[in-house]
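Below is one structure, written out as structure tokens; comments come after it.
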Amino acid sequence: MAYLAGRHLAGKGLDVGFNSGQFHHRQPQAQLDRYAAVDLLQQGSRGYYPWAKDCIIFALRDREERIMGLYGRYIYEHATKKHYYLKNRQGLYPGYPPADTELLIICESPIDCASLPPLPAKHFGVSCFSAESFPEELLEATAQLPALQEVVFWLDGDAAGRKGTVEHAKKLLAYLQSHPPAFPLDTLKLSAVRMPEGEDLNSLSGKEYAATLFERLAGRVSVEAFAKSPLPAGASEAAPKEAPVSEESSPEGLFLGLDLSALPHLWYQGESVKIRISGGLSKELSKLQGQAHIFSLSDAAALPSRQKIDFYADKSIESAAREAARKLGLQAALIQRDLEQLSILLDAWREGEYRSEASYESNEEKWRKLRHIRVDPNQVSEARRFLSDKPRLVWALNRLLGQAGIVGQERQRLLCFCIATTYNQRQTLHGLVRGSSGSGKTHLVKTVLECIPGSRVKPVTRSTSGSFYYFEPYELRGMVLKVEDWEGLDEASRYAIRELQSAGVLYNQTTVKSENGKLETKTWEIYGPVASLICTTEGELVRDNENRTFPLALDESAEQAQQVVAFQNELSARLHDRTKMAQSKAFLSQMSTLLQSYEVYNKYSPRIQLPPKVREPLRLNGMFQSLTDQITLLNQYQRPVHESGCLQTHIDDVEDAIEIMFDSIVWRVDDLNSEQRKFIEALKKYSRKASGLSKNFEHYEFRQIEVRQALAYPSRTLNRYMQELVEMEYLKISHSSAGQLYRITHWQDWEGERSRIKKYLLDQVEAIRREEGLLS
């Protein structure tokens, strides 16, 4: 019993025995001769030696269920020989498949076969005894099944098992072609279950619930697909990070015979009735109770029998079958058989659901499956060529973003795309898009995020306190948060986003009452990492929010507005092909799925110094290095792999990072924020023009009303900006009979400062190129 418990077979009601090696003691010679004749005893120099001593014994049966042979499994693991068969082996384990078998599961050993969970009606599991051989008796039995539709090979997850699966399938097909079967051969499906490396059915039965084993069975693939890829997705280092959903898998919404497509309602079609469990099952684990609607398959017009059934109680099932038989005019025994079969499936399904809710690991697997990305092979091939062949790839991507419908904002859109494509990387990036109302912030972020897979985008319009702490543990991992309005989030939500950006995980401790009434602390963990793109109209933000993100100030110039208006008019006049815009988005989305996660080796990082006057140099330098790494990752099909296994940065990647991030670097040098800088530069331009371009333009004084009329700023916004600039001593107020007058006191050449900063950075790049002989 200890051995059976260790092999997860105790309590299954198996018809097995144990050979202690003493069955022949004190037996007459005639009986010993009979034992020796069937190989149960072997004559030795010192007497008789029993066959399969210290083995669990399984009976092999013929078509009439007579015991024709025995199989012994040694219970001690140290022995070299563990499997024992009698000579001239006959019979199958656990027996011959019933004549109505539609799906035949072929396992490797009898122990694997015994480890199968309870199977639905017309499903049967049988052992082939070995990965190296396929019994002739099993070939004959298979050919004589008139209802057979599919044969599933479920062998061990080792080299022998994978080879045996393909060889057994070939042998079975060859036999059926030379021995006409009792079923149509052209409709037979040959499938295989992919097993993790080093596992077998028995070992998995101790690690996985019946529901998970059913899921593995439901995920079977054709033998042809198995031969090309025998391991489950994610089991091999060569497996893609984003594997496409297999077309060979079972239909969506099916759990074997249980239809889950209309949750919370469950449907099941048996031999005589169709059953709907309305509203799902009770949460109480000691019961398997649900409201059943039982429909007749033979009379579609008949009203259903409606009953509340506890599928754990035999009396409840028997009573429901009698009542349904009376109302529907069917045989109670047939309905009871369908209800009992449904009880097996419901039990396995609920067990899997309960385990899935309780397990972080299965929760992660659940969300990984939900985010599978279907790929177009032709488009993927084209995207791979694009990634491999385009010189200065990021600027080619920038042109595609323009074709996707983003007008202007070239640095901003490219930086947003670089940030968004970090969703499947270990180190994610974050962007904060600033602009006034109607400046195109939301359109920019929306269009960029349409260029990555939609299953990877988590939109957040409004969030209440604590809502981020009640996502499922892995629901946010590998996602891009799209926050359309930063002002719509309360402080608790903003704090949660900051923590996800920095730490990549949230911890929430709450007090709960246990079943015995004791108060306990429960910890909820929500895992990242996440990337994020946030829109805001706020000019001043909490410094903690700014330091974690790339600031992106939109171009709100008149020229940019004219370009957008022209594009809108042309789009309305159908001068732009919307289909091509959608194709550009789909192409970029498919391309992002080809980007694998690598560590990056950047030998240039110690040699590129940021301007000395930047604020928060530690944060800014980290952001600059992160962006350089991401540009290297975008170029991964064109970059060599360093001997350390890391992707190696090219000096072009550093230069591209400087160009894309330049506005963010400059903003860290400026003591004004982006909105204030735009306003003061517009005010300088107005002062020069209003003074008639005289030499005394620096002393020109103006009132708010004339500035408001000239620059078309709202009164409240203009007043705020001017008060802020007065406080920062960029403006000075004087008084006259006409009211308050303002004068610009700080005439910094900002364009000249920008040019000096860019030259400072690019000179370092040029020096590296010169040293490496890369200058043309």
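Observations on the structure shown:
- When +1 charges are put on Lys and Arg Cβ atoms and -1 charges on Asp and Glu Cβ atoms, the dipole computed for segment 16-195 relative to its Cα centre reaches about 540 debye.
- Against the chain, whose longest principal axis is taken from its Cα atoms, helix 617-634 shows a tilt of about 60°.
- Relative exposure of HIS576, HIS25, judged by other C-beta atoms within 10 Å (fewest first): HIS25, HIS576
- Cβ-Cβ FRET estimate between ARG399 and ALA690, R0 fixed at 45 Å, reported to 0.05: 0.65
- Pair GLU150, TYR48: separation of 7 Å Cα→Cβ label points (nm): 4.9 nm
- Maximal additional length on extending the SER465-LEU119 stretch stands at 119.8 nm, based on 0.36 nm per residue less the C-alpha distance.
- For segment 676-740, GluC sites (Glu not before Pro) meeting the loop criterion (DSSP other than H, G, I, E, B) and having at most 12 other Cβ atoms within 10 Å: GLU729.
- Loop-resident chymotrypsin sites (Phe, Trp or Tyr not before Pro) (DSSP state other than H, G, I, E or B) in segment 65-133 with no more than 11 further Cβ atoms inside 10 Å of their Cβ: TYR76.
- Degrees, to the nearest 10: 558-572 long Cα axis against longest axis of the chain: 50 degrees
- Placing R0 at 30 angstrom, the Cβ-Cβ distance between THR717 and ASP749 gives a FRET efficiency of 0.70 after rounding to 0.05.
- Look at TRP154, TRP750, TRP486 and count the other Cβ atoms within 10 Å of each Cβ; fewest to most, that gives TRP750, TRP486, TRP154.
- For segment 386-485, applying the loop criterion from DSSP together with a ceiling of 14 other beta carbons within 10 Å to the trypsin sites (Lys or Arg not before Pro) yields ARG392, ARG426, ARG462.
- Net +/- balance of residues flanking ASP653 in space, Cβ distance below 12 Å, scoring K and R +1, D and E -1: -2
- With R₀ fixed at 22 Å, the C-beta to C-beta distance from GLU556 to ALA710 puts the FRET efficiency at about 0.85.
- By the beta carbon rule, with partners counted only under 4.7 Å, the chain holds these lone Cys residues: CYS55, CYS128, CYS416, CYS418, CYS451, CYS535, CYS646.
- Pairwise label distance in nanometres, ARG385 with ALA218, each label 7 Å out on the Cα-Cβ vector: 4.0 nm
- When you count the other C-beta atoms within 10 angstrom of each residue and take the mean per peptide, 655-666, 711-722 line up highest first as 655-666, 711-722.
- Between GLU698 and THR510, the contour length at 0.36 nm per residue exceeds the Cα-Cα span by 61.5 nm.
- Pairwise label distance in nanometres, MET728 with LEU185, each label 7 Å out on the Cα-Cβ vector: 8.4 nm
- If the segment from SER178 to LEU575 were pulled out straight at 0.36 nm per residue, it would be longer than the present Cα-Cα gap by 136.4 nm.
- For the chain, share of DSSP beta bridges that run antiparallel, in % to the nearest 5: 65 percent
- Helix 491-502 vs. the chain, principal-axis angle (Cα, 0 to 90°, nearest 10): 70 degrees
- Residue ranges 108-118, 593-603 sort as 108-118, 593-603 when ordered by packing (mean number of other C-beta atoms within 10 Å per residue, highest first).
Computed from the coordinates by the stated procedures, all read-outs in this text should not be read as laboratory data. Predicted model, so just to flag it, every value in this text is computed and none were measured. Positions of Cβ are generated from backbone atoms using ideal geometry, with glycine treated the same way; all protein chains shown enter the neighbour counts.
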